[in-house]
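The next block holds one structure in the form of structure tokens; read it before the comments.
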Amino acid sequence: RPKQNYRAPRDFFSEILKDTDNEIRIAFVFGSEKYGMRSSDIDVCNAILGIPTNPNFGSLNLASAVQLIAYDWRQALGGFTIPKN
């Protein structure tokens, strides 16, 4: 498989949310921990996100990857309100 052009999640989210008044429809697709994503799945994606990691530990488990992408997406949408006691 040829090397993919990965996008950093925070940069990508900022870019797609900037200067838009339209509704954004987005889906996050994750591959299996053992095999990743099939080429046929990657081929239909508009963007491929890559989570920057330590080069000595080049991958994350699936749960960690989902958590980081979900957090960055929520932050890009305006973050979280922390209730005052």
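The C-beta contact set for the stretch 5-27 (first residue in contact (Cβ under 8 Å) with a residue 60 or more places away in the chain, second residue among the β-branched types (Val, Ile, Thr) and surrounded by 10 or more Cβ atoms within 10 Å (Cβ to Cβ), distance under 8 angstrom, 6+ apart or interchain) comprises 9/51; 9/69.
Looking only at the stretch 36-64, residues that are touching a Leu at 6+ places or on another chain (Cβ under 9 Å) and closer than 20 Å to residue 15 by Cβ come to 1 in all.
Output the residues belonging to the stretch 42-61 that are open to solvent by less than 60 Å² (accessible area, probe 1.4 Å) and of a type in the set (A, V, I, L, M, F, W, C). Step through it out loud before you land on a result.
Of the residues in the stretch 42-61, the ones open to solvent by less than 60 Å² (accessible area, probe 1.4 Å) are 42, 45, 47-51, 53.
Of everything in the stretch 42-61, those that are open to solvent by less than 60 Å² (accessible area, probe 1.4 Å) and of a type in the set (A, V, I, L, M, F, W, C) turn out to be 42, 45, 47, 48, 49, 51.
Looking at residue 70, is it modelled with pLDDT of 90 or more, within 19 Å of residue 5 (Cα to Cα) and open to solvent by less than 60 Å² (accessible area, probe 1.4 Å)? No; evaluated as a whole, the condition is false for this residue. For the stretch 73-85, the tally of residues that are closer than 24 Å to residue 26 by Cα, open to solvent by 50 Å² or more (accessible area, probe 1.4 Å) and of a type outside the set (A, V, I, L, M) stands at 5.
Pairs meeting the criteria (first residue in the stretch 61-85 and over 20 Å from residue 33 (Cβ atoms), second residue open to solvent by 60 Å² or more (accessible area, probe 1.4 Å) and in a loop (DSSP other than H, G, I, E, B), beta carbons under 9 Å, at least 6 apart or on different chains) are 73/26; 73/28; 74/80.
Screening the stretch 1-41 for residues that are assigned to a helix (DSSP H, G or I) and farther than 17 Å from residue 69 by Cα and picking the one that is most open to solvent (accessible area, probe 1.4 Å) gives 40.
The values are calculated or read from the model by the stated rules, or taken from the named source; none is laboratory data. What you see is a predicted model; the values in this text were computed from it and never measured. No Cβ is skipped: glycine too gets one built from the backbone with ideal geometry, and neighbour counts run over all protein chains shown. Just so you know, the surface numbers come from the protein's heavy atoms only, side chains and all, with ligands and any DNA or RNA stripped out. Shrake-Rupley method; radii C 1.70, N 1.55, O 1.52, S 1.80 Å.
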